[in-house]
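J.: Structure incoming, see below.
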C-alpha cells in the first residue's frame, strides 16, 4: 500500500489542484479505494484517464482497484481488467516499474512464472536497488527454470 500512496502523492504534486483536473478524480479514487469502495474508485480513475489518457500511474491505480475487487468477488473478468490496466500503464510509460511489479505479482500468482520473471527482470534493470530485490530474484529464477 505504501507504493500506492507514493504514486498518489506524486500525481497530486504533478497535477496541482484544479476543478476538472485528473488529479481531482485521482484523489476521489484514492478515497474510495481506502474505503474499499472499488466500483467508485474504478469510476474515478476512469474519469481521470479520460482527462489524461497518458497517465500511466492512474492506469496502475485502476489495475489495483480491479485487483482488490477481484479479490472480493473472484470474477475472472475483473482479473482480465486488472491485467489490461497494468499493461496499459506499461504501454503508456515503458519505464512504469510499479505497474511492472504489480503485473508481475499477478502473473506469479496465476502460475505464469516466465511472464512474471520477464517483468521483474525489467524492474531490476530500471530500479536495481529495489527493496524487494531478493524476492524478485527468486521469482525470476523460478520463471527461468532455475532452482
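J.: Any number yet on Rg/Rh for the chain, C-alpha, Kirkwood?
T.: Rounded to two decimals, Rg/Rh equals 0.99.
J.: In square nanometres and to one decimal, what's the mean projected area of the convex hull around the Cα atoms of segment 17-101?
T.: Details: hull surface 20.8 nm².
Computed as one quarter of the Cα hull surface, the answer is 5.2 nm².
J.: At 7 Å along Cα-to-Cβ for each site, give me the label-to-label distance between residue 72 and residue 34 in nm.
T.: 1.7 nm
J.: A further question follows. If we count other beta carbons within 10 Å of each Cβ, what is the order of 44, 21, fewest first?
T.: 21, 44
J.: Within 10 Å of each residue's Cβ, count the other Cβ atoms and sort 54, 67 from fewest upward.
T.: So the ranking, lowest neighbour count to highest, is 54, 67.
Coordinate-derived values only; no laboratory data. Owing to the predicted nature of the structure, the values given are computational and were not obtained by experimental measurement. Virtual Cβ from ideal backbone geometry, glycine too; neighbours counted across all protein chains shown.
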